[in-house]
Amino acid sequence: MRVRAARWGRRAVNGEAREHERLARAALTRVVEPGDEVGGRWLRECGGVELMRRLTSADPDEAARSLTGVTEKRLAGYRIRAAAADPARDLAAVAAVGGRFVCPGDQEWPGQLDDLGDGRPVGLWVRGRPNLRMWALRSVAVVGARACTSYGAHVAASLGAGLAERGWVVVSGAAFGIDGAAHRGVLGAGGATVAVLACGVDVVYPRGHAELIGRIAEQGLVIGELPPGGHPTPSRFILRNRVIAALTRGTVVVEAEYRSGSLVTARSAQKLGRFTMGVPGPVTSGLSAGVHELLRGEGVLVTDAAEVAELVGDIGDLAPARRGPVLPRDLLDPVAAQVLEALPARGRVNARRVARGAGTTPDDALGKLYELHSLGFVERQGDGWQLTPGAGRPADARRGGT
């Protein structure tokens with residue numbers, strides 16, 4: 001049944017206030033565009049029910065007096081959309097696809113979205129069974145280029161799976177490329193993922209991801225600011241990214257050109273005080289140029305899920321130490337290592353010459369030479385000492401490597 005304009009002026013009784021506010025906010029998702037800070041200010045100042053009353057008032061002068069900050073033409077556009085809004089129909093439509101409407105004040109509302117100030121969503125349309133607020137408490141965004149390389153897709157899928165295995169919820173935008181790869185990595189690992197859409201949650205976009213979005217709705221959550229049937233536009237994609245940034249503890253960018261919506265997400269995360277991370281790629285690839293620029297600023301370089309979890313996680317979520325293989329010579333004490341280094345790559349030398357090269361006494365050098373002999377590093381030939389073939393220094397050290 002259509003909720004008519006007169007409804008907004010009726011005083012709520014018997015605990016109806018909360019339901020009236022929900023209806024008003026559901027209606028306002030058809031009136032106020034995502035990220036509209038003027039509409040957000042009006043909503044903060046007078047609440048959803050009163051805002052809808054003013055927008056649908058029969059007296060246009062009342063709206064003009066009380067709703068300031070926009071031109072007369074723009075205010076007329078708000079009023080036209082408000083008059084056509086039918087929240088009961090939209091709530092029924094989202095319920096038909098197993099969804100619901102979540103707004104500020106609900107137990108399921110993620111409080112971190114309030115960091116967006118007047119630009120926070122009026123409310124969120126949600127498909128999926130899990131509790132959005134609880135899932136958002138431990139979540140990470142993985143975003144990147146649509147036209148990604150096979151390298152980028154592999155990294156995104158690995159990050160998604162790795163974060164899922166560590167108990168993190170992965171949030172992305174369900175787009176082609178990096179977004180889709182991250183979602184699939186999570187789903188393949190039996191993990192939790194959230195798709196933030198720039199359209200209605202009952203609209204499949206892109207069409208090629210119909211099966212993926214369906215799986216996410218079954219196994220995770222599909223959310224969006226637009227009401228059922230809402231269509232995506234370029235500006236709505238950009239504004240959608242602020243929700244991804246605010247909802248999560250940090251954002252990882254995998255492949256992005258200089259002009260990329262993924263970098264908008266990263267910059268939004270930085271403004272909100274969230275962690276911003278990037279995965280490096282080939283310096284010859286334009287798809288890595290935006291990520292590298294991010295890393296030259298405040299972005300943190302990460303290469304796998306363990307490093308992401310270490311940065312955004314709690315105390316104790318440490319990534320394993322990174323180092324090359326431990327060689328037998330790494331276990332030698334400092335003096336023995338100096339003596340071993342003093343031996344030439346070829347030929348034999350006596351203990352005195354070794355002592356001079358190692359900066360130690362002949363007696364100490366001789367003692368260490370016998371230790372090295374017992375460990376198989378050196379051998380004695382007559383009165384001289386030489387490296388055992390195949391032992392001693394690494395091969396690249398002899399060629400001047402590091």
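The values are calculated or read from the model by the stated rules, or taken from the named source; none is laboratory data. These numbers come from a predicted model, not from an experiment. Positions of Cβ are generated from backbone atoms using ideal geometry, with glycine treated the same way; all protein chains shown enter the neighbour counts. Only protein heavy atoms, including side chains, enter the accessible area calculation; ligands, DNA and RNA are left aside. Shrake-Rupley method; radii C 1.70, N 1.55, O 1.52, S 1.80 Å.
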Looking at region 69-83, I want the residues that are in contact (Cβ under 8 Å) with a residue 24 or more places away in the chain and of a type outside the set (Gly, Ala, Ser) and have a partner that is open to solvent by 30 Å² or more (accessible area, probe 1.4 Å) and in a loop (DSSP other than H, G, I, E, B) with Cβ atoms under 6 Å, at least 6 apart or on another chain. Which pairs are those? ARG81/ARG30
Criterion: modelled with pLDDT of 75 or more and of a type outside the set (Ser, Thr, Tyr) - qualifying residue of LEU301, LEU318: LEU301
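Looking only at region 30-41, count every residue that is over 15 Å from GLY69 (Cα atoms) and open to solvent by less than 10 Å² (accessible area, probe 1.4 Å) and tell me the total. First the steps, then the outcome.
Of all residues in region 30-41, those over 15 Å from GLY69 (Cα atoms) come to 30-31, 33-35.
With open to solvent by less than 10 Å² (accessible area, probe 1.4 Å) added as a condition, the list becomes 31.
Qualifying residue count, region 30-41: 1.
Is one or more of the residues making up region 102-117 of a type in the set (A, V, I, L, M, F, W, C), open to solvent by 10 Å² or more (accessible area, probe 1.4 Å), within 24 Å of ARG18 (Cβ to Cβ) and touching a residue at least 60 places away in the same chain (Cβ under 8 Å)? So that I can check it myself, show each step before the final result.
Step one: filter region 102-117 for residues of a type in the set (A, V, I, L, M, F, W, C), giving 102-103, 109, 113, 116.
Keeping just the survivors that are open to solvent by 10 Å² or more (accessible area, probe 1.4 Å) gives 109, 116.
Subsequent filtering for residues that are within 24 Å of ARG18 (Cβ to Cβ) retains 109, 116.
Keeping just the survivors that are touching a residue at least 60 places away in the same chain (Cβ under 8 Å) gives 116.
The answer is yes; a qualifying residue exists.
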In the set SER172, SER150, SER158, which member is surrounded by 21 or more Cβ atoms within 10 Å (Cβ to Cβ) and among the polar types (S, T, N, Q)? SER172
Restricting to region 138-156, name every residue that is more than 13 Å from the chain's Cα centre (by Cα) and either of a type outside the set (Lys, Arg) or more than 25 Å from TYR205 (Cβ to Cβ) (or both). ALA145, ALA147, CYS148, THR149, SER150, TYR151, GLY152, ALA153, HIS154, VAL155
Of the residues in region 175-191 that are more than 24 Å from GLY281 (Cβ to Cβ) and assigned to a loop (DSSP other than H, G, I, E, B), the one that is least open to solvent (accessible area, probe 1.4 Å) is GLY191
Starting from region 296-324, keep only residues that are closer than 21 Å to GLY152 by Cα, then list their pairs with residues that are at pLDDT below 70 whose Cβ atoms are within a distance under 8 Å, requiring at least 6 positions of separation or different chains. ASP304/ALA319; ALA306/ALA319; ALA306/PRO320; GLU307/ALA319; ALA309/ASP317; ALA309/ALA319
Return the residues of region 65-99 that are open to solvent by 50 Å² or more (accessible area, probe 1.4 Å), farther than 30 Å from ASN131 by Cβ and outside any helix (DSSP H, G or I); say none if nothing qualifies. THR68, GLY69, THR71
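Can ARG127 be described as open to solvent by 10 Å² or more (accessible area, probe 1.4 Å), under 16 Å from THR251 (Cβ atoms) and in contact (Cβ under 8 Å) with a residue 40 or more places away in the chain? Reasoning before the result, please.
Working: open to solvent by 10 Å² or more (accessible area, probe 1.4 Å): yes; under 16 Å from THR251 (Cβ atoms): no; in contact (Cβ under 8 Å) with a residue 40 or more places away in the chain: yes.
Criteria not met by ARG127.
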Kindly provide the set of residues from region 295-314 that are open to solvent by 50 Å² or more (accessible area, probe 1.4 Å) and under 14 Å from GLY162 (Cα atoms), ordered by number. THR303, GLU310
Which of (1) assigned to a helix (DSSP H, G or I); (2) within 30 Å of ALA245 (Cα to Cα); (3) not hydroxyl-bearing (Ser, Thr, Tyr) is the odd one out, the single condition GLU62 does not satisfy? (2)
Only residues that are open to solvent by 20 Å² or more (accessible area, probe 1.4 Å), out of contact with any His (no Cβ under 9 Å at 6 or more places or on another chain) and either in a helix (DSSP H, G or I) or not hydroxyl-bearing (Ser, Thr, Tyr) (or both): list them for region 270-284, please. GLN270, LYS271, LEU272, GLY273, ARG274, PHE275, PRO282
